[in-house]
Amino acid sequence: MDIGVINHSFSIQLPSLQLVVDSTSLGEFKTCPRKYYYRMIEGWVPKSTSVHLTFGILLHQGRETYEHAKASGLNHEDSLRAAVRASLASTWDKETGRPWWSNNPDKNRYTLIRTLVHYLDTFGRDDRLQTVILSNGKPAIELSFKFVPVDLNSGEEFKSVTGEQIYFSGHLDRIVSLEENQYISDVKTTSSALNSYYFSRYSPDNQFSMYTLAGMAAFQTQISGIICDAIKVKAEFNKFERQLIPRTPDQIHEWLGDTKYYLSLMGRMAEAGRWPQNDKACHFYGGCPYRPVCSRTPGARQTWLEADYTKSIWDPSIARGEENG
Amino acid sequence: MSQTTPALPIANTLSEASPTSISDLFSRDVEGLADSDIDLIISHLRANRERISAAEAAGRSLKPSKFARPKFEPGKVYEDEELF
């Protein structure tokens, strides 16, 4: 790595080996080791920021403000006003004195605020989901986690090929209770129709399985799965659907075993310094951002990276709210 | 935000669909907005949602139900597509 900023999620002994792994890193590796190499190890990102990522982050921030306000005792209207004010502020550039501008008709400042208001009116006002109060007395909202995964068969902690400790890390929106069961609550935005086909993408799903495990391992809470609030965002309207995405203990056990195998592959590739392309995944999610690089002859790729991409480290060892470039 | 550009100050959908006063609120720094201004934005968004819901409901009621088929007339020879 030649980033210049230390990524603390990687090994000191073997610098291309990740030791603190979040669902994003693991997902990139599962999708394509070469994509993982460019994004997580080399730190290359396209110069143009994805509007979908920006919109999702801003919506989560607005929701977080609302949940904190409600947890502090404010009613729906006051909490909503606080969330709208915070979102208007986070989409305002003080340097230029102008708002965030996006040329995406579905995802811009107006549709962000509209989505936030309509979403919270739909699910926030008389929410059947109750935020769990943790043993420290605080509401289980916006929880960063980092824990050592354990092999459920042998009882041994996960170790890397270098013998160093492996950690899982990440961030949960909220832990909630519903009819005596507890779940992780998460929000997703999409342009797709909110039908059974849409929700089927989450079973199985890397992120939701890790979140379920995290709820159990990091917060000592029995989690039965994810409650997914899906929001369809279009220029003229929103649609909302809430679905339960269950996970049984056996499913989590299976996921953990598979993940251990993937992590051992990650270690072997780091040792070999070889990150093979998965050329069957280049078209996923509207096209891989590194396809323009991989489509070039190997000797020309560095030039393309330096011309069209910039460096930004993804460090899952840093909790949300702290810096993560 | 990294995507900020000096060219277009107002989100596109708003300028087409909303009263000028709401556009004006969106184009101002939130620090200069009173709670009543925020409430005005929220009211505007809620009114838009109700308007669209009402239009959708009206549209649905005009669509023929799948059960609303022509009455069967004895003796008439029906083509398949007329029945189904």
Please list, in order along segment A:192-208, the HN-Hα scalar couplings obtained from phi with the Karplus expression 6.51 cos²θ - 1.76 cosθ + 1.60 (θ = phi - 60°), rounded to whole Hz, x for Gly and Pro. 7, 5, 8, 10, 5, 5, 4, 6, 5, 5, 9, 9, x, 7, 4, 5, 5
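What's the buried accessible area, both sides, between A and B using a 1.4 Å probe, rounded to 100 Å²?
Values: alone 16970 and 7710 Å², together 21400 Å².
Its buried surface, counting both partners, is about 3300 Å².
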Rounded to the nearest whole Å², what accessible area per residue is found for segment A:122-195 with the 1.4 Å probe? 49 Å²
Two pseudo-spin positions, 7 Å from Cα along C-beta at A:E95 and at A:K311, lie apart in nanometres by 2.0 nm
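Using the crude model of +1 on Lys and Arg Cβ and -1 on Asp and Glu Cβ, and no other charge, please compute the dipole size for the protein assembly as shown relative to its Cα centre, in debye to 20.
Values: 46 positive and 51 negative charges, 165 e Å.
Using Cβ point charges on Lys, Arg, Asp and Glu, the protein assembly as shown gives about 800 debye.
Taking the Cα centre of segment A:3-69 as the origin, how large is its charge dipole in debye, to the nearest 20, when only Lys and Arg (+1) and Asp and Glu (-1) carry charge on their Cβ atoms? Write down the numbers at each step before the final one.
On the way: 6 positive and 5 negative charges, 59 e Å.
It works out to roughly 280 debye.
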Rounded to the nearest 500, what is the protein assembly as shown's calculated 222 nm mean residue ellipticity when only DSSP H runs of at least 4 contribute -39500 (n - 2.57) each, over all residues? -12000 deg cm²/dmol
Going 7 Å from the Cα of B:D39 in the Cα-to-Cβ direction, what parts of segment A:76-117 have a backbone nitrogen less than 11 Å from that spot? A:78
Residue farthest toward the positive end of the dipole of segment A:194-308, with Cβ of Lys/Arg at +1 and Asp/Glu at -1: which of A:S264, A:F208, A:A281? A:A281
Environment charge at A:F55 (Cβ cut-off 11 Å; Lys +1, Arg +1, Asp -1, Glu -1): +1
Which residues qualify? For A:W92, with a placed amide H closer than 5 Å and at least 5 residues away or on another chain, they are A:W100
Please state the charge dipole magnitude for segment A:236-284, taken about the Cα centre, from unit charges on C-beta atoms (+1 on K and R, -1 on D and E), reported in debye and rounded to the nearest 20. 80 debye
Under 10 Å, Cα contacts only: if you run a Gaussian network model on chain A, which one of A:S23, A:S154, A:S224 comes out with the highest mean-square fluctuation? A:S154
For A:L172, which sequence-distant residues (separation of 5 or more, or a different chain) have an amide H within less than 5 Å of its own amide H, given hydrogens modelled in the peptide plane? A:L143, A:S144, A:F145
What average number of partner chain Cβ atoms lie no more than 10 Å from the Cβ of the residues making up B:42-48? 5
Positive-end extreme of charge dipole, the protein assembly as shown - chosen from B:L40, A:G225, A:N195 (charges on Cβ): A:N195
Points 7 angstrom from Cα along the Cβ direction at A:L74 and A:N104: gap in nanometres? 2.7 nm
Karplus 3J(HN,Hα) series, Hz, for segment A:263-274 with 6.51 cos²θ - 1.76 cosθ + 1.60 (x for Gly, Pro): 5, 5, 5, 4, x, 5, 5, 5, 5, 7, x, 10
Within the under-13-Å Cβ sphere about A:S87, not counting A:S87, Lys/Arg +1 and Asp/Glu -1 give a net charge of +4
Net lengthening on full extension, A:S50/A:I12 (0.36 nm per residue, minus Cα-Cα): 10.5 nm
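Taking all protein chains as present, what is the carbon and sulfur share of the accessible area of segment A:204-325, in % to the nearest whole number, probe 1.4 Å? Before the final figure, lay out the partial values.
Details: 3360 of 6600 Å².
C and S fraction of accessible area: 51 percent.
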Orientation-averaged projected area, Cα convex hull of chain A (nm²): 18.1 nm²
Charge tally for neighbours of A:Y309 with beta carbon under 12 Å away, counting Lys, Arg as +1 and Asp, Glu as -1, is +1
Mind listing the long-range amide H neighbours of A:Q182? Cut-off is under 5 Å, sequence gap 5 or more, other chains count too, H placed in the peptide plane at 1.01 Å from N. A:S224
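How long is the gain from A:Q130 to A:Q220 if the chain were fully straight, where each residue apart is worth 0.36 nm and the alpha carbon distance is subtracted? Each step should come with its number before you reach the end.
Numbers: separation 90, 0.36 × 90 = 32.40 nm, distance 1.75 nm.
The span from A:Q130 to A:Q220 would gain 30.7 nm if fully extended.
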With 0.36 nm assigned to each residue of separation and the Cα-Cα distance removed, A:I57 to A:F147 gains 30.0 nm
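The values are calculated or read from the model by the stated rules, or taken from the named source; none is laboratory data. In this text, all values refer to a predicted model and were calculated from it rather than measured experimentally. Note that we place each Cβ from the backbone using ideal geometry, even for glycine, and neighbour counts take in every protein chain shown. Just so you know, the surface numbers come from the protein's heavy atoms only, side chains and all, with ligands and any DNA or RNA stripped out. Shrake-Rupley method; radii C 1.70, N 1.55, O 1.52, S 1.80 Å.
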